[in-house]
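The values are calculated or read from the model by the stated rules, or taken from the named source; none is laboratory data. Fair warning: this is a prediction, and the values are worked out from it, not measured in the lab. Using ideal geometry, Cβ is built from the backbone for each residue, glycine included, and neighbour counts are taken over all protein chains shown. Note: accessible area is taken over every heavy atom of the protein model, side chains too, but ligands, DNA and RNA are not part of it. Shrake-Rupley method; radii C 1.70, N 1.55, O 1.52, S 1.80 Å.
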Amino acid sequence: MQRRKGVNMRIARWVAAAVLAVSWVLGSAAEAAELPTPAAAFGFTPGTDRKLVDYGQLIDYLTSVAEASPRFELREIGISELGRPLYVGLLSSEANLARLDELREINRRLALDPAIPDAERERLVEEGRVFVLATMSMHASEVGPAQALPLLVHELVTSDDPAVLEQLDRVVLMVVPTHNPDGMDMVVEYYRSSLSTPYEGGPLPGVYNRYSGHDNNRDYVNLTQSESRAVCRLYTNEWYPQVLVDKHQMGSNGPRMYVPNVHDPIAENIDEGLWTWSGVFGSSLANDMATDGLRGVATHWLFDNYWPGSTETALWKNVIAFLTEAASCRVATPVFVEPSELETYGKGLSEYAKSINMPDPWPGGWWRLSDIVGYELSTMRSILKTAARNRSEILRFRNELCRSEVAKGRTQAPAYFLLPRRQHDPGALAELVGLLQAHGIELSQATARVELEGRVVEAGDVVVPLAQPYRAFIKEVLERQRYPVRRYTPDGEVIRPYDVTSWSLPLHRGLACHEIAARSADLESRLAPVDVASLRSGVELPVDAWGVALAAAANASYRAAFAALANGVMVERTLERTIVNGSELAPGSFVLRGSPERLAAAAATPGAVALTAAPGVPTTVLAPRRIGLVETYFHDMDAGWTRYLFDDFGVGYRLLHPADFESTDLASSFDVLVFPDVGVDILTKGKRKTDDDDYRPTEYPPQYTKPISEKGLARLRAFLAGGGLVVSWQSSTELFLEGLGGKEESEELPPLAARDVAADLEKRGLYVPGSLLRARLLADHPLTWGMPAEVGVFSEGSPVFATSIPRADADRRVIATHPDDDILISGYVEGEKLLAGKPVMVWLRSGSGQLVLFGFSPHHRGSMSGTYKLLFNALLLPEPAP
């Protein structure tokens, strides 16, 4: 972390220290005199109608505060995906900021050391301060928290209220000014450009960051995005705050503010004390906001906390973590809400009326950004007050959790998770180990063979002991998920989950992982620190090397192959199984030809084999594929995640928006067209369909809603008729299964020998809320090269395919099929038997064109590396496929 301080900062501290020696009051007056108000700095008060501060203005103001006030520091913590610096502000008394290193060490001891003697612990509690981490506006359209921050900071650094000064002496407030600086600038710039147009206050066309859009709040297990990694470091292994609040907004026509506690279901691995403390903060929030005259505050409503992945994943690391959600206006444009328009949705509130979960409903009327800012300031004052009031109890609780989690790991099953070194994908284990280390988890490797509980632990296997402070997180992300079914009434309706129900890292990555129930002194005597480098080892090429072979089973092999193709290296794939230098090369293995210098990077790939001659089996030569990736402007998160995956693996592509189809000669421009998960109505009508099968009015300017026109559809049909390849999954498959209908038929395409039967299954009771389901793969097919015979696929229940015997100029192959029983691997399913024997991935031929259709997400938010190869194989599919 880098301090954003200068000579002026040190001078300001010397001056402030001298003034404070006279009195707190005079000191506060001196600070106020040299520190401009937010209104003076920006030319308007944050929260003013139709006015927004952008990221540069926000950081410039906070920098000026840091240079002028001894109560505030600003430190750089990372770089955003688009290159903007990320910061955390630290706000407290001058005395606390002068001893930050000491306070951070106290935090670390209390968080991670279960063996602190009681007397020493009491001394640390007495000397420590509660650290509260607040993260603002990660969803960039939810502007209120970040806009409120300058007012909050100015208020706290200039206050001479004795109660506030006491709170700042007891608490260090850490604030991430915005979780999403790229998105903040995107939203502010678009909002300013839309002022006084019909689209003022409408949503930003596209995703509001580089890749993930709203899903940036789903990344705190896999840590694919730089912003997630930066904030995770703050609470995991740098500052160890005891309290975290993540600030959000929601829709406009319901309650005005959600505060904790959450609704069922809750995560069963989390200690009950954390839920109790969330309730303490939530009760204080509701009470303090009522005292401030703020109405429409709801609790125990809508939001559960069963799944990890949001910023509040800190809960699994013993942080008292919760979110608040304020009602939105139209970005910074006021809205008028009629009383008849107020409603509730989701669990916890059945009617918009006075109830125990919302005792003082808001009556309706005008709702402005200034209202949101007012609610945000009230919540932050309340959180600061509650943390200060409970300083010693919160600090003591943090170490009690550390002790109890370590004790559970020593006395409760499982005692360890075992990750064998020998895995189907030779590089996947190293990636998981690196991720767990980023999460602050201690891992070891066996140094010798050990037998226990009927299982053999081989030398080099990775062992994850659960006797660690972050035991709850380890258990949550390494075990398979079983949804905790809770009902509204006995034997009544099941409470549905807020988000997905499976996230097991080993299962999603195709890794074997075993639970060891009891501790073993023999095993623990044969453990050493994990050597990640040894798990990533490739091969050293001799000077006379002919080339290098890369295992089809390794995801890293595809990264190396895509890089080689981009650099002009000859790349082939084997068509038969063979043995080279004692290593088996399965069908689909990559063969790269070139000098050792050109192949050095590929040789470092796990599972690589040096070749002194051609492998002696038939091969197919790969050519660089011209890939078109379809992305709409309708906050198309799945397309954003697909771009992330392609960029991460070096897959070259060109973006296509629906309007581009009409003016693009697809047949001469592309070999492959990729359609991620997006509704066919958005693609072909430029509209989004509602749950009641009606169309929602669009709020985007017309240039962003142009669909694939009739001429564009004709070009798509011509692309397929000319031998093109389409790769499509989930909702977008409907475009092709419904026949690519259009009036301008330039080529006749034979009908596809497949249809989607998911709607019928849903009527019969199928419900899959994001779960890992078992699928069996067609062996020895180019689409399944490198894959095991059986795999877990991430399913949301649609589409599900049925195939039929085609006419002579068409064909089909079922690539993945659910088994007859034991389909659910992890998560939750209703009507599981309805999926028995059903295809969930098909290859289709229509004339000369090929289509690969997935009934599941092959990547799901960058978390399903166990099925990446199915997508990569589709991109590299030979012409024609067997």
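When only alpha carbons of the chain are considered, Rg and Dmax amount to 28.7, 95 Å.
Dividing the summed -39500 (n - 2.57) terms of all DSSP H runs of n ≥ 4 by the residue count of the chain sets its mean residue ellipticity at 222 nm at -9500 deg cm²/dmol. For segment 512-620, the C-alpha radius of gyration sits at 1.31 times the compact-globule guess of 2.2 N^0.38 Å, with N the residue count.
Computed as a quarter of the hull surface, the mean projected area of the alpha carbon convex hull for segment 723-882 stands at 9.5 nm². Compactness ratio for segment 604-667: Cα radius of gyration over 2.2 N^0.38 Å (N = residue count) comes to 1.66. Under Stokes-Einstein, with the Kirkwood radius over Cα pairs as Rh, the value for segment 365-417 at 10 °C and 1.306 mPa s is 109 µm²/s. Peptides 68-78, 356-366 ranked from most to least packed, by the mean per-residue count of other Cβ atoms within 10 Å: 68-78, 356-366. From largest to smallest, the equivalent ellipsoid semi-axes obtained for segment 591-725 from the alpha-carbon gyration tensor read 39, 18, 12 Å. The reciprocal of the average 1/r between distinct C-alpha atoms defines the Kirkwood hydrodynamic radius, which for segment 141-274 equals 18.0 Å. Accessible-area rank, largest first, for T291, T698: T291, T698, with all protein chains present and a 1.4 angstrom probe.
Give the residues of segment 585-610 whose amide nitrogen is closer than 20 Å to a point set 7 Å from the Cα of V543 in the direction of its Cβ. Label zone hits: 594-601, 603, 610. Here the peptides 319-325, 677-683 are ranked by packing, the mean other Cβ count within 10 Å, and the order with the highest first is 319-325, 677-683.
Taking N as the residue count of segment 287-337, its C-alpha radius of gyration divided by 2.2 N^0.38 Å amounts to 1.50. Structural descriptor for segment 656-802: relative contact order 24 percent, calculated from alpha carbon pairs under 8 angstrom and at least 6 residues apart. With a ≥ b ≥ c taken as the square roots of the eigenvalues of the C-alpha gyration tensor of segment 788-827, please select rounded if a/c is under 1.5 and otherwise prolate if a/b is larger than b/c or oblate if it is not? Prolate, since a/c reaches 1.5 and a/b exceeds b/c.
Find the percent of Cα-Cα distances in segment 582-635 that exceed 12 Å, and round it to a whole number. Percent of Cα pairs beyond 12 Å in segment 582-635: 75. Along its principal axes, segment 782-875 has C-alpha extents of 41, 28, 22 angstrom, given from the largest down. If R0 is taken as 22 Å, the Cβ-Cβ distance between R482 and E451 corresponds to a FRET efficiency of 0.15.
So if each residue of separation counts as 0.36 nm, and I subtract the Cα-Cα distance between E120 and A613, what length gain in nm does that give?
Between E120 and A613, full extension yields an extra 170.8 nm.
Percent of Cα pairs in segment 267-407 per distance bin of 10 Å, from zero to the largest separation: 10, 35, 34, 16, 4, 0.
May I ask for the percentage of alpha-carbon pairs in segment 406-559 that lie more than 20 Å from each other? Result: 57 percent of Cα pairs exceed 20 Å.
Taking 0.692 mPa s as the viscosity and 37 °C as the temperature, the Stokes-Einstein diffusion coefficient of segment 672-711 based on its alpha-carbon Kirkwood radius rounds to 294 µm²/s. Per residue, the accessible area of the chain comes to 37 Å², computed with a 1.4 Å probe over protein heavy atoms only.
For segment 24-133, the pair-distance distribution built from all alpha carbon pairs, in bins 10 Å wide starting at 0, is 12, 31, 30, 18, 8, 1 percent.
Both radii were evaluated on the Cα set of segment 693-743; the Rg over Rh quotient, with Rh as the Kirkwood radius, amounts to 1.03. Membrane-span-like helices in the chain, defined here as complete DSSP H runs extending at least 27 Å along the helix axis by their C-alpha atoms with mean Kyte-Doolittle hydropathy no lower than 0.0, are 272-291, 369-389; this is a sequence and geometry rule, not a statement about a membrane. With contacts taken as Cα pairs under 8 Å at a separation of at least 6 residues, segment 556-631 carries a relative contact order of 39 percent. Taking packing as the residue-averaged number of other Cβ atoms within 10 angstrom, the listed peptides 606-617, 189-200 run from highest to lowest as 606-617, 189-200.
Using C-alpha pairs under 8 Å with a sequence gap of at least 6, the mean separation divided by the residue count of the chain gives a relative contact order of 10 percent. Here the label points at A808 and S663, each 7 Å from Cα along the C-beta direction, are separated by 4.3 nm in the simple model. Its convex hull of Cα atoms gives segment 674-794 a direction-averaged projected area, equal to a quarter of the hull surface, of 10.2 nm². Taken over segment 186-344, the percentage of Cα pairs per 10 Å bin, counting from 0 up to the bin with the maximum distance, is 9, 31, 34, 22, 4, 0.
Principal axis extents of the Cα atoms in segment 100-209, from largest to smallest and rounded to whole angstrom, are 66, 35, 17.
Within the shell of other residues whose beta carbon sits under 11 angstrom from the beta carbon of E126, the net charge comes to +2, with Lys and Arg scored +1 and Asp and Glu -1.
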